[in-house]
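Worksheet: the structure to be examined is printed underneath.
The values are calculated or read from the model by the stated rules, or taken from the named source; none is laboratory data. This structure is a prediction, so every number in the text was calculated from the model and none was measured. Cβ coordinates were reconstructed from backbone atoms using ideal geometry, including for glycine residues, and neighbour counts include every protein chain displayed. Protein only, heavy atoms only, side chains kept; ligands, DNA and RNA dropped before computing areas. Shrake-Rupley method; radii C 1.70, N 1.55, O 1.52, S 1.80 Å.
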Amino acid sequence: MQNGERSDAADPHSLLLEDRSITDFLDQLSVLGEQLFAGDASVLCGLMSRRGNRHVNVRSSSVRAAALTELQHDVGEGPSLAAMTTQETVVVDDGRRDRRWPRYFASSTVSGFASMLSVPLQLGPEGTATLNFYARPTGYFTSERRRVAAVFAAQAGTALEMAMRVARYQDAAADMYAAMESRTSIDIAVGIILAQSRCTQDEAFEMLQRASNTRHQKLSEVARDLIVQATGTTPRTHFTN
């Protein structure tokens, strides 16, 4: 193992035992990644991920690492995006001579960091991600250092896949509660119209729908406005925290 490298870095799985959001988890994962090479080279670490159909998310161990990773998303090319697309490790020995991603390497943000390593994380159907390392010396990421990064990435991928799965279930639960709250408000509004207009339930719903189309508002928003107008208070459902 190279001088300054750590084989005793904290296990990424231990992060799952703590009560933290997916964003905090990604931040801590990038910090652990940076600790793999805690020598004189001052290696930075950034993590680029996409969960399902959501936008690309960039987290990092520092502002500089974030800039180096986010720039790839901004210019549409770079080692991290290549690793995410091919699901293969990408190594840059000298960014000043590398011609694969000219727009990325032309940026002043990249200057000073000659060596880069992007390792894809295996997340299954939950999404895609890459762990990205940046070092100042040329040729820094030797075969041994790549091996160390690959071992950590395998552990990180398992932990991140689990975290993303939990986040997906939380999103689904939040969507379900939102739908139930919306449906309840609509039902209450329909009941108010029934009492005021002495019409059928279908006719009351059609009135509410027409108001939604006329005002260019969501049906649930029109329903809440009607409840406030009729009762003087904002509606609360059993699903509201």
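I want to confirm something. Restricting to the stretch 171-187 and keeping residues that are of a type in the set (D, E, K, R) and within 24 Å of Gln201 (Cα to Cα), which single residue is modelled with the lowest pLDDT?
The selected residue is Glu181.
I need the full set of residues from the stretch 211-229 which are within 14 Å of Ile186 (Cβ to Cβ) and not β-branched (Val, Ile, Thr), in order please.
Those that are within 14 Å of Ile186 (Cβ to Cβ) and not β-branched (Val, Ile, Thr): Ala211, Ser212, Gln217, Lys218, Leu219, Ser220, Glu221, Ala223, Arg224, Asp225, Leu226.
For the stretch 65-74, how many residues are open to solvent by 40 Å² or more (accessible area, probe 1.4 Å) and in contact with a Phe, Trp or Tyr (Cβ under 8 Å, 6 or more places away or on another chain)?
Here the count works out to 0.
So that you can scan it fast, the table gives a plain yes or no per residue for (1) of a type in the set (S, T, N, Q); (2) surrounded by 20 or more Cβ atoms within 10 Å (Cβ to Cβ); (3) at positive phi:
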residue: Arg51; (1), (2), (3): no, yes, no
residue: Thr86; (1), (2), (3): yes, no, no
residue: Val90; (1), (2), (3): no, yes, no
residue: Asp98; (1), (2), (3): no, no, no
residue: Arg103; (1), (2), (3): no, no, no
residue: Ser115; (1), (2), (3): yes, yes, no
residue: Arg136; (1), (2), (3): no, no, no
residue: Arg145; (1), (2), (3): no, yes, no
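Taking the residues in the stretch 84-142 that are of a type in the set (Ser, Thr, Tyr), free of Cβ contacts under 8 Å to residues at least 40 places away in the same chain and assigned to a loop (DSSP other than H, G, I, E, B) as candidates, determine which candidate is nearest to Phe152 (Cα to Cα).
Among those residues, the one meeting the criterion is Ser111.
Just checking, does the stretch 144-158 include any residue being among the basic types (Lys, Arg) and farther than 22 Å from Ser49 by Cα?
The answer is yes; a qualifying residue exists.
Is it true that Val151 is at pLDDT 95 or above and open to solvent by 10 Å² or more (accessible area, probe 1.4 Å)?
Taking the combined requirement at face value, the residue does not satisfy it.
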